[in-house]
Amino acid sequence: MYRRLVFLLLGVMMLLPAARDHAAPVQASLPDGTLLNADYQRGEADQPAVLILHGFLQTQDFPTVRRLADALHEDMGYSVLTPTLSLGISDRRQSLACEAIQQHSMESAAAEIGFWIRWLIERGHRHLALVGHSMGSLMVLAALPDAPPEVERAVLISLTYIGQHLDVFERGQHQNDLRKARKLLTESPDRLEAYHIAYCKAYTATPAHVLSYYAWDQDHTLEAIRRAKVPVTIILGSRDRRIDPDWHRRIAGSGGHLIVIEGANHFFDDAHEFDLLDAVDRAIAGDSELP
């Protein structure tokens, strides 16, 4: 409740002298020359730095990510970095259509997260938290095994797994696409085909690229939580129609700490953004399990 009041008093606080830097656009290059974009907001020196990753095919400006990033910085004093994954496109600044030729994988996403972790460490941050939204949470999980000791916590918002949406809305399609991709991997590995993945019904990719995401099924995702080297908090909305209700039960037995926000949907719109902010802040601070 206290944190919600702080959030609502932001307009008053903005009249006071600024104690932290404003958001600054950042551009960096991968070794192959690919240009990466991010926004960076430097916070208070005694607070952790937070990397927030957007969902599938989106950017750093996705509303759920942008609202959370600004609130964590402005209200809580965290340094916040919000990168846009390149998805194989240099200087990408817009969301990517499902029908576009997809030239990325779960491994390339994890590698870019690792790049930005090192970027934060090089700027003096020694206490980091990784936050992901939706499929961005899976990518955070994929990056954890290679994360350095400076990464101390992971917060997974609206965590899903590959195949879940299709199991709910188009039963059987995921298994058909999985068989097709495995067959093409041996017979025609460079062939582009349309697949179902997440909310996409015509996701155009090679079999190896799509299989890198398909590997993150329910069992693989739960095992990644169990094996995580840092505390993992999973935050779900009770009215998230993209998530099977049984997923809540399975997460609860995974070793991660589950928080369910009553009435919230997949994006934590409207008043639920305050509940999300409070839950993420408590998870980063290490007291998410307190009453």
Handout entry: Output for the range 267-291, where each listed residue is more than 19 Å from residue 130 (Cα to Cα) and not aromatic (Phe, Trp, Tyr)
Key = 269, 270, 271, 272, 290, 291
Exercise for the section: Kindly establish whether residue 163 is modelled with pLDDT under 95 and either crowded, with 19+ Cβ neighbours inside 10 Å or touching a strand residue (DSSP E or B) at 6+ places or on another chain (Cβ under 9 Å) (or both). Expected result: yes
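Here's the yes/no breakdown for (1) under 16 Å from the mean Cα position of the chain (by Cα); (2) part of a loop (DSSP other than H, G, I, E, B); (3) under 22 Å from residue 204 (Cβ atoms):
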site: 101; (1), (2), (3): no, yes, yes
site: 109; (1), (2), (3): yes, no, yes
site: 118; (1), (2), (3): no, no, no
site: 126; (1), (2), (3): no, yes, no
site: 137; (1), (2), (3): yes, no, no
site: 141; (1), (2), (3): yes, no, no
site: 144; (1), (2), (3): yes, no, no
site: 153; (1), (2), (3): yes, no, no
site: 160; (1), (2), (3): yes, yes, yes
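I'd like to check something: does the range 254-262 contain any residue that is more than 14 Å from residue 156 (Cβ to Cβ) and at pLDDT 95 or above?
Yes.
Looking at the range 118-144 only, could you name the residues that are crowded, with 18+ Cβ neighbours inside 10 Å and under 16 Å from residue 229 (Cα atoms)?
Across the range 118-144, the qualifying residues are 128, 129, 130, 131, 137, 138, 139, 140, 141, 142, 143, 144.
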Problem - Which listed residue, of 97, 147, is within 25 Å of residue 255 (Cα to Cα) and either of a type in the set (A, V, I, L, M) or buried (at least 20 other Cβ atoms within 10 Å of the Cβ) (or both) - result: 147
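So which residues in the range 56-65 are assigned to a helix (DSSP H, G or I) and over 12 Å from the mean Cα position of the chain (by Cα), if there are any at all?
Within the range 56-65, just 63 meets the criteria.
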Problem - Hey, residue 248 over 16 Å from the mean Cα position of the chain (by Cα), surrounded by 15 or more Cβ atoms within 10 Å (Cβ to Cβ), in contact (Cβ under 8 Å) with a residue 12 or more places away in the chain and closer than 30 Å to residue 46 by Cβ or not - result: no
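The values are calculated or read from the model by the stated rules, or taken from the named source; none is laboratory data. Everything numeric in this text was worked out from a predicted model, so none of it was measured. No Cβ is skipped: glycine too gets one built from the backbone with ideal geometry, and neighbour counts run over all protein chains shown.
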